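This report refers to the structure that appears directly beneath it.
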Amino acid sequence: MSDRELCDQVMTLLVAGTEPTGHALAWAVHLVATHPEVEARLHAETDRVLSGRRSPEVTDLARLEYTGRVFTEVLRLYPPGWMFTRTTTSETELAGRSLPRGADVLYSPYALHRDPRLFPEPGTFDPDRWSPDRARLVPRGAFIPFGAGNRKCIGEHFGTVEALLALSTLCARWRLRPVPGAEVRPRPETTLGTGPLPMLALPRARG
Ligand code: HEM
């Protein structure tokens, strides 16, 4: 690699490898804090699997099944990569429209994930839509928080493991509460952030 290529690779990893995971985690703590019934199940699972430990290990993740559902549902509602482009490499047809070679096509995982034909009650934060029975009804290609095809995210597994470990560690130690009056609105920039997210961190009693 030339120095230029090396620099580009490092920058890609530094940006692509941190911001989406950070934003997804911010949405996760916001959604969990505003859905006490989800929080209660999350805490119960964390307590059962960690049984007194303060942080999970990678080997715990298979048993943190509900935590996985919660994070998947977070990625459905607030996919950090909310808008992407593709350029046609040849003349083609898409949804009944003909496109010339070199056309820029925009597509939005955010809009797709909120299509009621694909996800009933799409605005509802419902981690159980990812239970094995219901998840298999989601059509292929309807859920693409990591993109699809040749340019699909290379950090999918790494980012997911990182986020699940962080979420579970937070749940083991803290109960996060929204600061009254703080308004959280999606910020559709390069990735989809929460903007400032003030929260109260209340230590959980240790059993
Ligand atoms: C929850 C966390 C993450 C999400 C939601 C996410 C999502 C995405 C999406 C949607 C794309 C574009 C795919 C496309 O154009 O089809 C992408 C690309 C990419 N991601 Fe991630 N990502 C995450 C974490 C990570 C991590 C941790 C790394 C690295 C350690 C990473 C490295 C990359 C790279 C290098 C690309 C560009 C791939 C290419 O263009 O060939 N991502 N990511």
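The values are calculated or read from the model by the stated rules, or taken from the named source; none is laboratory data. Note that this is a predicted model, so its numbers are computed, not measured. As a convention, Cβ positions derive from the backbone with ideal geometry for all residues, glycine included, and neighbour counts pool all protein chains shown.
Picking from residues in segment 56-74 that are in a helix (DSSP H, G or I) and away from the ligand (no atom under 16 Å from the Cβ), the one that is nearest to W27 (Cα to Cα) is Y66.
Answer yes or no as to whether F125 is within 15 Å of the ligand (Cβ to nearest atom), closer than 23 Å to G22 by Cα, out of contact with any Phe, Trp or Tyr (no Cβ under 7 Å at 6 or more places or on another chain) and of a type in the set (F, W, Y). For F125, the condition - within 15 Å of the ligand (Cβ to nearest atom), closer than 23 Å to G22 by Cα, out of contact with any Phe, Trp or Tyr (no Cβ under 7 Å at 6 or more places or on another chain) and of a type in the set (F, W, Y) - is not met.
Looking at segment 75-95 only, could you name the residues that are assigned to a loop (DSSP other than H, G, I, E, B) and modelled with pLDDT under 95?
Our first condition is that a residue be assigned to a loop (DSSP other than H, G, I, E, B); within segment 75-95, this holds for 78-83, 88-91, 95.
Correct list: A95 only.
Total residues in segment 136-189 satisfying the condition of being over 29 Å from A62 (Cβ atoms), assigned to a strand (DSSP E or B) and among the basic types (K, R): the figure is 2. Restricting to segment 136-146, name every residue that is touching a residue at least 12 places away in the same chain (Cβ under 8 Å) and either surrounded by fewer than 16 Cβ atoms within 10 Å (Cβ to Cβ) or more than 15 Å from the ligand (Cβ to nearest atom) (or both). Listed by number, the residues that qualify are V138, P139, A142.
Restricting the search to segment 181-197, which residues are aliphatic (A, V, I, L, M) and either surrounded by fewer than 16 Cβ atoms within 10 Å (Cβ to Cβ) or farther than 11 Å from W27 by Cβ (or both)? Outline the logic, then answer.
So the first thing to find is which residues in segment 181-197 are aliphatic (A, V, I, L, M), and the list is 182, 184, 192, 197.
A182, the sole residue that qualifies.
Restricting segment 96-117 to residues that are over 18 Å from the mean Cα position of the chain (by Cα) and assigned to a loop (DSSP other than H, G, I, E, B) leaves a set whose member that is surrounded by the most Cβ atoms within 10 Å (Cβ to Cβ) is A103. Looking only at segment 147-190, how many residues end up being more than 30 Å from S51 (Cβ to Cβ), touching a residue at least 24 places away in the same chain (Cβ under 8 Å) and within 16 Å of the ligand (Cβ to nearest atom)? Adding up the residues that qualify gives 6.
Tell me, yes or no, whether segment 97-108 has at least one residue that is within 22 Å of G22 (Cα to Cα) and not β-branched (V, I, T). Taking every residue of segment 97-108 in turn, at least one turns out to be within 22 Å of G22 (Cα to Cα) and not β-branched (V, I, T). Within segment 40-55, does at least one residue satisfy the condition of being part of a helix (DSSP H, G or I) and of a type in the set (S, T, N, Q)? Scanning segment 40-55 turns up at least one residue that is part of a helix (DSSP H, G or I) and of a type in the set (S, T, N, Q). Every condition in (1) more than 18 Å from R41 (Cβ to Cβ); (2) modelled with pLDDT of 95 or more is met by A148 except one, and the failing one is (2).
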